[in-house]
Structures are given as C-alpha cells and as structure tokens.
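**Q** Sharing a structure with you now.
The values are calculated or read from the model by the stated rules, or taken from the named source; none is laboratory data. Because the structure is a prediction, the values reported are computed rather than measured. Glycine also receives a Cβ, built like all others from the backbone with ideal geometry; neighbour counts cover every protein chain displayed.
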Amino acid sequence: MSAVKHGTPYAYNKGCRCANCTEAKRVAHAKYRRSLGIPERKLGLEHGTQAGYTNHRCRCDECKDAQRRAVAEYRAIRAANVARARDMGLAK
Ligand SMILES: [Zn+2]
Ligand SMILES: [Zn+2]
C-alpha cells in the first residue's frame, strides 16, 4: 500500500486502520451524515447498529448495513425454526 496516502477515507476503505485513517473515515462519515440531514450527535445513537436504523431512523451506510444483516439473520433463524417444526411434525 505504498501509494496510499494515510489520513484519508480512501486508505481506510483500502483496509488501513491506523489512527489517521480511522479519524479521516470518521470525519468523512460525519460530513456525509450531515449532508443527509442526520444529526451528528443524537443521544444513544450508535452508528452501525440496528437500533440506529430502527430507533433513530438513521439511514447512513453503516446503519443500513446493520439493518440488512439483522434482517438476514432474523430470516435465517426463522427459516431454521420452520424447518425444525416441520421435521418434528414429520417425526410424529
Ligand atoms: Zn493509514
Ligand atoms: Zn447511522
């Protein structure tokens, strides 16, 4: 990664997690949220969580991603439960 300039969101996206790049990413994300009209500091709002998406109606990339993962997980659990119930029904 010699060509990557540290302290940029670009470097962070390339996988660098050094302090400079993490901070640059945080600043860029905050700017992005502001551009969407999302308040920067909302009590209890933690980005990248399903609560951020559902409770705080945040629609930033991180919260949308968390919501997507949570929904996928929920569907997988439900599908597993349905399959188990079906198996149990057949076993009788
Ligand atoms: Zn870096
Ligand atoms: Zn968010």
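**Q** Provide a single number: the residues in region 51-64 that are at pLDDT 90 or above, touching a Lys or Arg at 6+ places or on another chain (Cβ under 8 Å) and not hydrophobic (A, V, I, L, M, F, W, C).
**A** The number of residues fulfilling the criteria is 1.
**Q** What number of residues within region 35-60 are loosely packed, with under 13 Cβ neighbours inside 10 Å and closer than 30 Å to A3 by Cβ?
**A** So the count comes out to 1.
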